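Novice: If you scroll down you'll find the structure; I have some questions about it.
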Amino acid sequence: MGQNTVHLKSLTTTQVAQFREHGYLSPVSVLSAREAREARVQVEAIEAQHGGKWPRHLSLKSHLVYTFLDRIVHHPALLDAVEDVLGPDILCWSSRWFIKDKNDGGFVSWHQDVPYWGIDVGENIVTAWVAISPATRANGCMKVIPRSHRSLVPHKEGVSNNLLLRGQEVAVAVDESRAVYMELEAGQMSLHHGLMFHGSEESHVDERRIGFAIRYIPTRVKPVDGLPRDSVQLARGVDRYGHFGLETRPQRDLDPVDVEQHRLATATYAEINRLAVAKHLEMIAQSARAQG
């Protein structure tokens, strides 16, 4: 074998090429049926303690306070696939729940992720969307526009019933006829690039759609200048760059030290999100002035 041979751990060369060319890959099997079932039991037990809904204050980065979610973030099968796309040194930048019930009105508008994250949009950034329950067209699985990950586009905000924190939506025309619906069985995941146009429709069936989105970045990724210092978790490999503060893994559920770490991390995220949005809007305004 030549020196440039790439030794993949999980994906095939065809799958890696598809991700790079089209911006997504689906489905990829990661959790066993038992692991997915046990995760769902724990999710719904936590929901039962909070009026039947996942607690809003734990929508982001809940892997910092629950050990079963920490295990998913660090699951070897999941990280093997992510490593084949990103390389061996991987940070978990964040995680986020996307849960839908029948006729709750929840949907996700067409959007790109990275403009709101405060990190370099030119880097290869991946979301692993893990299905804790089946994700089908009927219950609002994710849809993507192939090859839409090549450039950053302007966004607008405030779309009602949107599961996104700011209701953001791409401010360009989207050809719905090109959409690919990424249906998943429980335990499977999809991978999509941070600049991929993606969204989902609301559910009209009884089967819940429980999705856990985990955002991974190579350790070399730089934060946007002028923002508060963000924190991340080392998922695999070595961080030789130190661009971010490093978060610790929970040893037991809701340990007070981990709860405080989570509070600080999500507060920083909210501030970075606010400032990153302002920078994005200014970029749009500058572009408009240059064209006008």
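Novice: If one computes the Cα centroid of the stretch 245-271 and of the stretch 58-72, what distance in Å separates the two points?
Specialist: 10 Å
Novice: A further question on this structure: Roughly how many Å² of Tyr181 are accessible to a 1.4 Å probe, to the nearest 10?
Specialist: About 60 Å², rounded to the nearest 10.
Novice: Kirkwood Rh, the stretch 171-216, all Cα pairs: how many Å? Display every interim value, and only then the final one.
Specialist: Numbers: mean 1/r = 0.0758 Å⁻¹.
So the Kirkwood estimate lands at 13.2 Å.
Novice: Continuing with this model, one more query. Karplus couplings for the stretch 41-53 from phi (6.51 cos²θ - 1.76 cosθ + 1.60, θ = phi - 60°), rounded to Hz, Gly and Pro as x?
Specialist: Running phi through 6.51 cos²θ - 1.76 cosθ + 1.60 with θ = phi - 60° gives 4, 5, 4, 6, 5, 5, 4, 4, 7, 10, x, x, 10 Hz.
Novice: Starting with the highest mean, order 128-141, 228-241 by the number of other Cβ atoms within 10 Å, averaged over the residues of each peptide. If you can, show how the numbers build up before the last one.
Specialist: On the way: 128-141: 23.3, 228-241: 16.7.
So the peptides 128-141, 228-241, ranked by packing, come out 128-141, 228-241.
Novice: Sticking with this structure for a sec: Using a/c under 1.5 as the rounded threshold, could you call the stretch 34-169 rounded, prolate or oblate? The axes a ≥ b ≥ c are square roots of the C-alpha gyration tensor eigenvalues, and prolate needs a/b larger than b/c, oblate otherwise. Before the final figure, lay out the partial values.
Specialist: Values: a/c = 1.68, a/b = 1.12, b/c = 1.50.
Here the stretch 34-169 falls in the oblate category.
Novice: Sticking with this structure for a sec: Can you give the Rg and Dmax of the stretch 181-279 based on its C-alpha atoms, in angstrom?
Specialist: Spelled out, the Cα radius of gyration and Dmax of the stretch 181-279 are 16.7, 47 Å.
Novice: Still on this structure, I have one more. How large a share of the accessible area of the chain, in percent, is made up of carbon and sulfur atoms when the probe is 1.4 Å and the other protein chains stay in place? Don't jump to the answer; show the numbers that get you there.
Specialist: Working: 6720 of 13300 Å².
C and S fraction of accessible area: 51 percent.
Novice: Can you give the accessible area of Lys222 in Å² (nearest 10), computed on protein heavy atoms with a 1.4 Å probe?
Specialist: 120 Å²
Novice: Another one. Quick one: accessible area per residue over the chain, 1.4 Å probe, rounded to a whole number of Å²? Working shown, then result.
Specialist: On the way: 13300 Å² over 292 residues.
I get 46 Å² per residue for the chain.
Novice: In the chain, how many lysine pairs have Cα atoms under 20 Å apart, counting only pairs 8 or more places apart or on different chains?
Specialist: Here the count comes out as 10.
Novice: Using helices alone, what [θ] at 222 nm do you get for the chain, with -39,500 (n - 2.57) per DSSP H run of 4 or more residues, divided over all residues and rounded to the nearest 500? Working shown, then result.
Specialist: Details: 5 runs with 80 residues, N = 292.
So the helix-based figure for the chain works out to -9000 deg cm²/dmol.
Novice: If you don't mind, there's one more thing I want to ask. Report Rg/Rh for the chain, rounded to two decimals, where Rg is the Cα radius of gyration and Rh the Kirkwood radius.
Specialist: Numbers: Rg = 18.4 Å, Rh = 19.5 Å.
Rg/Rh: 0.94.
Novice: Given 25 °C and 0.890 mPa s, how large is the Stokes-Einstein diffusion coefficient of the stretch 102-248 in µm²/s, with Rh as the Kirkwood radius over Cα pairs? Show your work: numbers first, answer last.
Specialist: On the way: Rh = 16.5 Å.
Taking Rh from Cα pairs, D becomes 149 µm²/s.
The values are calculated or read from the model by the stated rules, or taken from the named source; none is laboratory data. Since the structure is predicted, the reported quantities are computational estimates derived from the model, not experimental observations. Methodologically, a virtual Cβ is constructed for each residue, glycine included, from the backbone with ideal geometry; neighbour enumeration extends over all protein chains shown. The protein model used for the area step is the full one, side chains on, heavy atoms only, and it has no ligands, DNA or RNA in it. Shrake-Rupley method; radii C 1.70, N 1.55, O 1.52, S 1.80 Å.
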